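Notes to accompany the following structure.
The values are calculated or read from the model by the stated rules, or taken from the named source; none is laboratory data. Note that the structure is predicted; figures quoted are calculated from it, not measured. Note that we place each Cβ from the backbone using ideal geometry, even for glycine, and neighbour counts take in every protein chain shown. Just the protein is used for accessible areas: all its heavy atoms, side chains included, with ligands, DNA and RNA removed. Shrake-Rupley method; radii C 1.70, N 1.55, O 1.52, S 1.80 Å.
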Amino acid sequence: MASRSALGRALSHRDSRIFFGGSMVAWTGLWMQRIAVSWLAWELTGSAFWVGMVAFCDLAPAVFISPLAGAVADRVDRVKLALWSQVGIAAQAAAVAGITASGHMTIGVLLVLEVLGGMAGSFAQPARQTLMPGIVPRADLPAAVAANSLTFAVARFVGPAIAGPVIAAFGVVPAIAANAVGYLVSGLTLLLLNVAGAERRGHAGKGGIWAEVADGVRYAARHAGLGPLLLYAALTAMLLRGVQEVLPPFVERIYGLGAESLAVLTACFGVGALTAGLWVASRGRLEGTTRLAVWSGLAQAGATAGFVATGFFPLGMLSAALIGAFASVQGITVQTLIQAATDPVYRGRMLSLWGLITRAFPALGALALGAAGEAFGLRLPTLAAVGLFLAAFAWGLWRLKRMQAELEGVPPDISAR
């Protein structure tokens, strides 16, 4: 009941309903394209390395673009930035679908298009998330953050559930084209929002854009809570998220199954994420959030080990759901802590660093896992990554109390400066 109350508050505002409705449409298309492009790369090459490289090219541009995108989002009209970045994503999806339908798609062309899509996505993420404080009252912001993550989790379930049968019956082109339509529709809905003026536009630029990027990185590094939290989340993403980015080889080599089972596993990730997200939203308090962010990493590591322990598909489905659940817990708690502890002047830049973590570090993990999988098979490299993560967890546990003190206290009052 508490979760419904919190989510009800987040969705009780006209603008939030438009915002999250658009997000649902876009992200459903996004997950349809991710399944389709991953399968397309597997069909083109039959190589785990190239499937990992495609994921890397989609996510890796965040390394260079996300810090810049966050600084831009702190300076410009965020609605226009979100609109045009989503139009860019739609154009990329249309290009992938069109070239594939023409029969001229190659792995090289696909890699280039995925880089372009990753660049547009890196601008869209901070632009959209910085709008949330402008469409709901401050008291409802934690519920809005949870609703944002739950929307993504629902799309992660619905998108693959649609994509699997579509790919099996008609091939990858319709699933990719759906993303072009989804992002175009979502972008246009932004024009209907009435965003508070102070939140719609960032602050006036005080210097060069790269100086502001550097200032944001220094702010995160100096912050005794945000810096360690973001580093821990980055290590989790790099060591554990690669499995989700290179699923086709796991489906075929470990479980001996096809595209329909790939969609089933991805939907299991989404079901777990949705269930856990509802639970996190039901807590309704900041206290204990940092502890959840740290311990959910360890639980995700255990579920990842279970995913590759055997070729028994029902166990794989259960493990996928648990991975999705604990990844969702960490994602929601980290975002909530960023929103609660960050000086509003730096909000776009801190959210862009979070975007970098969720996009670039899984890409690094996917690339390493795909390359190692060619030489050693998929099971051993995955278990090695889990073993390395245990050291990261020990470090996170050591820093936990200090992070709690910094992140769960009273947010900074910049008016007193």
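A few comments on the model shown:
- Within region 363-385, being part of a helix (DSSP H, G or I), open to solvent by less than 50 Å² (accessible area, probe 1.4 Å) and more than 10 Å from residue 49 (Cα to Cα) holds for 363, 365, 381, 382, 385.
- Pick from region 127-158, criterion open to solvent by 10 Å² or more (accessible area, probe 1.4 Å) and hydroxyl-bearing (Ser, Thr, Tyr), ranking: farthest from residue 338 (Cα to Cα): 151
- Residue selected from region 13-34 under the condition aliphatic (A, V, I, L, M) and touching a Ser or Thr at 6+ places or on another chain (Cβ under 6 Å), by the criterion least open to solvent (accessible area, probe 1.4 Å): 26
- For region 184-200, the set of residues classified as open to solvent by 20 Å² or more (accessible area, probe 1.4 Å) and part of a helix (DSSP H, G or I) consists of 184, 185, 188, 189, 191, 192, 197, 198, 199, 200, listed by residue number.
- Residue within region 324-337 that is in a helix (DSSP H, G or I) and open to solvent by 30 Å² or more (accessible area, probe 1.4 Å) present: yes
- Within region 159-178, at least one residue is modelled with pLDDT under 80, open to solvent by less than 20 Å² (accessible area, probe 1.4 Å) and under 18 Å from the mean Cα position of the chain (by Cα).
- Residue count, region 106-120 (criterion: touching a residue at least 60 places away in the same chain (Cβ under 8 Å) and surrounded by fewer than 21 Cβ atoms within 10 Å (Cβ to Cβ)): 2
- For region 239-258, filtered to residues that are aliphatic (A, V, I, L, M) and surrounded by fewer than 24 Cβ atoms within 10 Å (Cβ to Cβ), the residue that is modelled with the highest pLDDT is 254.
- Meets criteria (surrounded by fewer than 18 Cβ atoms within 10 Å (Cβ to Cβ) and assigned to a helix (DSSP H, G or I)) for residue 351: no
- Yes/no for residue 289 being under 16 Å from the mean Cα position of the chain (by Cα), modelled with pLDDT under 90, over 17 Å from residue 125 (Cα atoms) and open to solvent by less than 40 Å² (accessible area, probe 1.4 Å): no
- Failed item in (1) under 23 Å from residue 251 (Cα atoms); (2) not in a helix (DSSP H, G or I), with residue 104 passing the rest: (1)
- Any chance residue 48 is among the small types (Gly, Ala, Ser) and at pLDDT below 90: yes
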